[in-house]
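The values are calculated or read from the model by the stated rules, or taken from the named source; none is laboratory data. None of the values given here were measured: they were computed from a predicted structure. Don't worry about glycine lacking a Cβ; one is built from the backbone with ideal geometry, like all the others, and counts go over all protein chains shown.
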Amino acid sequence: MRWVALTAVAPVAWGANYYVTHEFLPPDSPLYGAALRALPAGLVLLGLCRQRPRGAWWWRSAVLGLLNVSVFFVLVYAASQLLPTSIASTVMAVSPLAMMLIAWALVAERPGIAHLAGAAIGLGGVCLMLLTGTAGVSVPGVLASVAAMLVSSFGHILTKRWNAGTDVLASTAWQLTAGGLFLLLVAAAVEGPPPSLSTPALLAFGYVTLVATALAFAVWFIGLRYLPAGTVGLVGLLNPVTGVLLGTAVAGEVLTVQQLCGLALVLAGVVLGQPTRAGRRGGSRTPLQPAPDKSAAREFSTRNPLLGSGGTGAGAAPMACRDE
């Protein structure tokens, strides 16, 4: 439960990120917006871990940085600007189901019949929520959100597969730095000079960089190291829940009855698709990584200053075969 609670920080921060991006960041500079989110976060984590890539991690960092950072951040930025906060975050609710299917192919975590049924119900809920003719639902925004969900799901499971004893904080820093540098070059070529930022925008970028990126990605990748993909996907439900709550309570957005029913179907489908007891029943393979013991947790908190010395940090004992 400690690893679940730590992992939960990420989807809550990401759910709030939709509102912050939509309300405070410049809408016409998605490339610079993504670059200013990724690169400073990567440099902060590099300053904390002080490790450089070795061997295959030079090209792995580039690949994962492109998937998990460059492409994903631009798509999320665009979706956040084109869609209401509640809609953009709800589309991402399908990501746990996508992660299950991708994990089946890449890391042999096979979903059962209940998982597939949950995927069908979740997709039906998304269709009910978005294909009802409701005004204000942007088709490009929906496509951007769906693409972001698919890209991130694949990138996260690929990270899980590649992590072979690499420090989580270090691998996260390499991905963010590589993706941020690529975004900065493309932004300079496509969008020209960087946009001028007001004080609220600078404060918003501070949250997006430090909380929704540096901290959130570190704890998310830790969760993928020590928990099955299905369990992490269930924790990811806090993303759309946070987005919907902020969109309705703070941004004044209103959901129709059909959209609320669609959201309920999405949540029901994802809950149904969780392999909480599949490993005990033989329906799926056991996780690649056994739960860490207390000594590993102590080493984890000692080696990574990002989360202090509270006993649950971001780079615990080396893991067998995944990377994020």
So which residues in region 163-189 are surrounded by fewer than 24 Cβ atoms within 10 Å (Cβ to Cβ) and either among the aromatic types (Phe, Trp, Tyr) or on the phi > 0 side of the Ramachandran plot (or both)?
Gly165, Phe182
Of (1) part of a helix (DSSP H, G or I); (2) surrounded by fewer than 21 Cβ atoms within 10 Å (Cβ to Cβ); (3) in contact (Cβ under 8 Å) with a residue 40 or more places away in the chain, Leu6 satisfies all except one. Which?
(2)
The correct count of residues that are buried (at least 24 other Cβ atoms within 10 Å of the Cβ) and modelled with pLDDT under 85 in region 9-26 is 3
For region 49-89, which positions are small (Gly, Ala, Ser), touching a Phe, Trp or Tyr at 6+ places or on another chain (Cβ under 7 Å) and within 23 Å of Thr242 (Cβ to Cβ)?
Ser80, Ala88, Ser89
Answer yes or no as to whether Pro96 is modelled with pLDDT under 75, in a loop (DSSP other than H, G, I, E, B) and buried (at least 20 other Cβ atoms within 10 Å of the Cβ).
no
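Can you tell which of Phe154, Phe221 is in a helix (DSSP H, G or I), within 22 Å of Ser80 (Cα to Cα) and either within 17 Å of the chain's Cα centre (by Cα) or modelled with pLDDT of 90 or more (or both)?
Values: Phe221 fails: within 22 Å of Ser80 (Cα to Cα).
From the options Phe154, Phe221, the qualifying one is Phe154.
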Criterion violated by Phe73 - all others in (1) more than 14 Å from the chain's Cα centre (by Cα); (2) more than 30 Å from Cys261 (Cβ to Cβ) satisfied
(1)
Residue count for region 248-258, restricted to those that are in contact (Cβ under 8 Å) with a residue 24 or more places away in the chain, under 20 Å from Ala268 (Cβ atoms) and not polar (S, T, N, Q)
1
Suppose we filter region 26-46 for residues that are part of a helix (DSSP H, G or I) and not hydrophobic (A, V, I, L, M, F, W, C); how many remain?
6
What's the number of the only condition in (1) surrounded by fewer than 24 Cβ atoms within 10 Å (Cβ to Cβ); (2) of a type in the set (Ser, Thr, Tyr); (3) modelled with pLDDT of 90 or more that Ser29 fails to meet?
(3)
Any chance region 47-63 includes a residue that's in a helix (DSSP H, G or I), of a type in the set (D, E, K, R) and at pLDDT 75 or above?
yes
From Pro193, Pro200, grab the single residue that is out of contact with any strand residue (DSSP E or B) (no Cβ under 7 Å at 6 or more places or on another chain), of a type outside the set (Ser, Thr, Tyr), assigned to a loop (DSSP other than H, G, I, E, B) and modelled with pLDDT under 95.
Pro193
